[in-house]
Amino acid sequence: MRVHPLTGLAVAGSTAVITTAAASLPLSLAAAAGAVAVAGARGGARRLVPAAAAVLVPLTLSLLMVHGLSYPEGRTVLAQWGSARVTAEGLGFALQRGAQVWAAVLVLLAYSFSVSVPDLVAALNAKGLRGRFAFVLASTLTLLPAIAGHVERIRAAQESRGLVIRKGLLHRAAAFRLQAVPLVLALVDDAGSRAAALESRGFSNAGPRTSYRDVPDSAWQRTVRWALVAAAAAAVALRMVATASGGAP
């Protein structure tokens with residue numbers, strides 16, 4: 001059974017929305033673990049985990065620092081340094097928000113590492129989205145995997161010329177400083193090549209267009225997509241009602 005690209009996008013997007021709206025730590029952890037498991041089953045966990053860690057570790061640390069040290073409703077003080085204090089409530093709030101972010105980022109990254117960009121562009125075109133906008137959306141979803149691929153190739157080229165990267169976060173951060181300039185230049189060159197390719201294929205031209213790539217769809221997958229969109233909308237509505245009635249923040 002072949003999963004339509006838009007069905008995978010609906011699964012990832014609705015999961016991110018529902019876990020964020022539910023604000024449930026067990027649900028967020030389950031969604032994050034499920035995303036890693038799916039990526040592992042498709043052979044993408046080796047690329048997914050480092051890319052996610054690069055985004056989420058600094059963000060999680062900032063959440064812990066902000067909410068752990070200055071949560072206004074914190075009562076159970078675990079440690080205190082002058083006006084700064086670490087509270088159990090602040091750490092719990094930071095953990096819950098961090099888990100929501102981890103779930104949303106991991107499910108979207110798992111999708112972006114597994115989706116076929118040509119199939120996604122063709123599927124969006126078939127649904128009436130203009131070619132240029134379809135390509136921009138697909139490129140946005142796959143931007144981080146593309147960057148990870150560039151970094152891997154740059155690191156391999158530098159190591160072949162004698163660069164030694166020792167183990168440890170500090171050594172890898174120092175090595176990334178040497179990779180940043182060629183990475184930016186490669187991304188700029190890639191953007192120019194893609195723009196020229198889009199122009200040569202008439203993406204900016206108006207009028208109907210055809211595609212040689214056919215992405216099969218089915219009635220049951222379209223039903224699943226609409227059900228997922230409805231579930232995400234319902235989760236957001238329930239969250240708004242709970243907030244308005246004085247429920248969980």
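Of all residues in the stretch 180-199, those that are under 15 Å from residue 155 (Cα atoms) and assigned to a helix (DSSP H, G or I) have Cβ atoms under 6 Å from Cβ atoms of residues that are of a type outside the set (A, V, I, L, M) and modelled with pLDDT of 70 or more, 6 or more apart or on another chain, in 183/150; 186/150.
If only one of 88, 79, 84, 122 is aliphatic (A, V, I, L, M), at pLDDT below 70 and either assigned by TED's automatic domain parsing to the domain that holds residue 20 or surrounded by 14 or more Cβ atoms within 10 Å (Cβ to Cβ) (or both), which one is it? Just a single option satisfies the conditions, and that option is 84.
Quickly run through the stretch 103-118 and pick out the residues that are buried (at least 19 other Cβ atoms within 10 Å of the Cβ) and either out of contact with any Ser or Thr (no Cβ under 7 Å at 6 or more places or on another chain) or at pLDDT below 85 (or both). Quick ask: steps written out before the conclusion?
Narrowing the stretch 103-118 to residues buried (at least 19 other Cβ atoms within 10 Å of the Cβ): 103-115.
Those that are buried (at least 19 other Cβ atoms within 10 Å of the Cβ) and either out of contact with any Ser or Thr (no Cβ under 7 Å at 6 or more places or on another chain) or at pLDDT below 85 (or both): 105, 106, 108, 109, 110, 111, 112, 113, 114, 115.
Filtering the stretch 20-33 to residues that are modelled with pLDDT of 90 or more and either surrounded by fewer than 18 Cβ atoms within 10 Å (Cβ to Cβ) or under 14 Å from the mean Cα position of the chain (by Cα) (or both) leaves 20, 26, 27, 29, 30, 31, 32, 33. Do we find a residue being among the hydrophobic types (A, V, I, L, M, F, W, C), on the phi < 0 side of the Ramachandran plot and without any contact (Cβ under 8 Å) to a residue 60 or more places away in the chain anywhere in the stretch 16-25? No; the residues of the stretch 16-25 include none that is among the hydrophobic types (A, V, I, L, M, F, W, C), on the phi < 0 side of the Ramachandran plot and without any contact (Cβ under 8 Å) to a residue 60 or more places away in the chain. Take the conditions (1) within 24 Å of residue 31 (Cβ to Cβ); (2) in contact with a helix residue (DSSP H, G or I) (Cβ under 8 Å, 6 or more places away or on another chain); (3) modelled with pLDDT under 80; residue 146 misses just one of them, which is (1).
The values are calculated or read from the model by the stated rules, or taken from the named source; none is laboratory data. Computed from a predicted structure; not experimentally measured. Ideal geometry is used to build each Cβ from the backbone, glycine not excepted, and the neighbour counts take in all protein chains shown.
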